[in-house]
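Chemist: Here it is: the structure, laid out below.
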Amino acid sequence: MTLWADIVWPTVVIVATIMLIVMPLLGAVAYLTYAERKIMGAMQLRQGPMTVGPFGLLQPMADGVKMMAKEVIIPSGANRVVFLIAPMITFFLSLVAWAVIPFDEGWVLADINVGILYLFAISSLGVYGIVMAGWASNSRYAFLGGLRSAAQMVSYEVSIGFVIITVLLCVGSLNLSDVVLAQQTVWFVVPLFPMFVVFFVSALAETNRAPFDLPEGESEIVGGFMVEYSAMTYALFFLGEYANMILMSGMITILFLGGWLPPVDVAPLNWIPGIVWFAAKVAGCLFIFIWVRATFPRYRYDQLMRLGWKVFLPFSLFWVVLTAGVLVAFDWLPD
């Protein structure tokens, strides 16, 4: 009984909880690709997927079957072990970060007191998978793509870090549930709107999304760090990118949009479950991700670096100092 009560049953509960998070997340990743193709099709006066299943709803499943049926081709000069591990790291990191994301009050796998530091650490590790892929492919195009992505992600992580510090100054806690509960009066998007914009644009760069998809610029370096990948190894990079989009949208929702909290404290709105509010806000952020891709042309690499180091870095640092000054001057520091 002791073995069952102390080891087996807690393990079963944790595994079941993990599956309750991972399986819907994988489904969301699959149908985010469908939503992106449909939304961009509507914005560009096209149909988008419409053949496989009603309204093309089975297209993500057909794409998955196609990827699994294809052969994984490893270049003769590549480092086989690192070449195969790189996409696994990228995909794995995009999933483990969800351990500290609160979907509703009390609905979190690991309610640790340093949740934001955990998220920042996981997002910082994401660059390793891409650099390993660029190096292990033994291709100039892949290597240049890996270098580009490393420089890009490191550059915009600095401004993301300062934005997070600004939010922490207003909350006084590193716990993500506390961050949400601190927004019961007003969402942080209102007083910290410039930081919201900086964080959202930095999230686009961090996930290598348009208009900052320089690491895989087809017109310059063919396919970037993924140029030598095929079948499921390519699919893992692809899925990791979309999972990171959902993760960044979740971070934006928690840090600035009140997490699971409704927009206003009105009785009819309070009957809607918190997880529904959370999912709706994440979906809204993802729609803007797609809208940006359908609207803006790709930046040049020097413009990308200039924006990160000469605009976002000094501005976010200034806003940290300004926020701290206002909190101290008006004695608004959290307990």
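The values are calculated or read from the model by the stated rules, or taken from the named source; none is laboratory data. All figures in this text were calculated on a predicted structure; none of them were measured in a lab. Backbone-built Cβ (ideal geometry, glycine too); neighbour counts: all protein chains shown. To get the accessible areas, we keep the full protein, side chains included, count just its heavy atoms, and leave off ligands, DNA and RNA. Shrake-Rupley method; radii C 1.70, N 1.55, O 1.52, S 1.80 Å.
Chemist: Round to a whole angstrom and tell me the spacing of the C-alpha centers of the range 116-142 and the range 253-296.
Modeler: One Cα centre to the other: 29 Å.
Chemist: At 1.4 Å probe size, what's the solvent-accessible area of residue 95? Round to the nearest 10 Å².
Modeler: 40
Chemist: Straight distance only, please: which lysines reach the Cα of residue 281 with their own Cα at less than 24 Å, same-chain residues fewer than 8 apart left out?
Modeler: Excluding near neighbours in sequence, the set is 38.
Chemist: Using only Cα atoms, what Kirkwood radius does the chain have, in angstroms?
Modeler: 21.3
Chemist: Next question. Once the whole set of protein chains is in place, how much accessible area is left on residue 7, using a 1.4 Å probe, in Å² to the nearest 10?
Modeler: It works out to around 90 Å².
Chemist: Residue 170 accessible area, nearest 10 Å², 1.4 Å probe?
Modeler: Taking all protein chains as shown, residue 170 has close to 40 Å².
Chemist: A follow-up question, please. Using DSSP to define loop residues, name the chymotrypsin sites (Phe, Trp or Tyr not before Pro) in the range 230-335 whose beta-carbon has at most 14 other beta-carbon atoms within 10 Å.
Modeler: 271, 330, 332
Chemist: Residues of the chain: accessible area per residue at 1.4 Å, in Å²?
Modeler: 50
Chemist: Could I ask something else about it? Using a 1.4 angstrom probe on the protein heavy atoms only, line up 19, 153, 305 by accessible area, largest first.
Modeler: My answer, sorted largest first, is 19, 305, 153.
Chemist: Still on this structure, please answer the following. Any chance you could check the Cα centroid distance between the range 3-74 and the range 150-202 for me, in angstrom?
Modeler: Taking the Cα centre of the range 150-202 as reference, the centre of the range 3-74 is 29 Å away.
Chemist: Sticking with this one: Determine ³J(HN,Hα), in whole Hz, for all residues of the range 20-34 in sequence, where each value follows from phi through the Karplus function 6.51 cos²θ - 1.76 cosθ + 1.60 and θ = phi - 60°; x replaces Gly and Pro.
Modeler: Listing the rounded values in order: 5, 8, 6, 5, x, 5, 5, x, 5, 4, 4, 7, 5, 5, 5 Hz.
Chemist: Could you tell me the calculated FRET efficiency between residue 26 and residue 184, based on Cβ-Cβ distance and R0 = 30 angstrom, to the nearest 0.05?
Modeler: Result of the calculation: an efficiency of 0.40.
Chemist: May I pose another question? Running Debye on the range 104-232 with equal point scatterers at the Cα sites and no solvent, what base-10 log of I(q)/I(0) appears at q = 0.14, 0.19 Å⁻¹?
Modeler: Treating every Cα as an identical point scatterer, log10 I(q)/I(0) equals -0.72, -1.01.
Chemist: On the protein heavy atoms, probe 1.4 angstrom, tell me the percent of accessible surface of the chain carried by carbon and sulfur.
Modeler: For the chain, the apolar C and S fraction of the accessible surface comes to 72 percent.
Chemist: Before rounding to the nearest 500, sum -39500 (n - 2.57) across all DSSP H runs of length at least 4 in the chain and divide by the residue total; then give [θ] at 222 nm in deg cm²/dmol.
Modeler: The per-residue figure over the chain is -21500 deg cm²/dmol.
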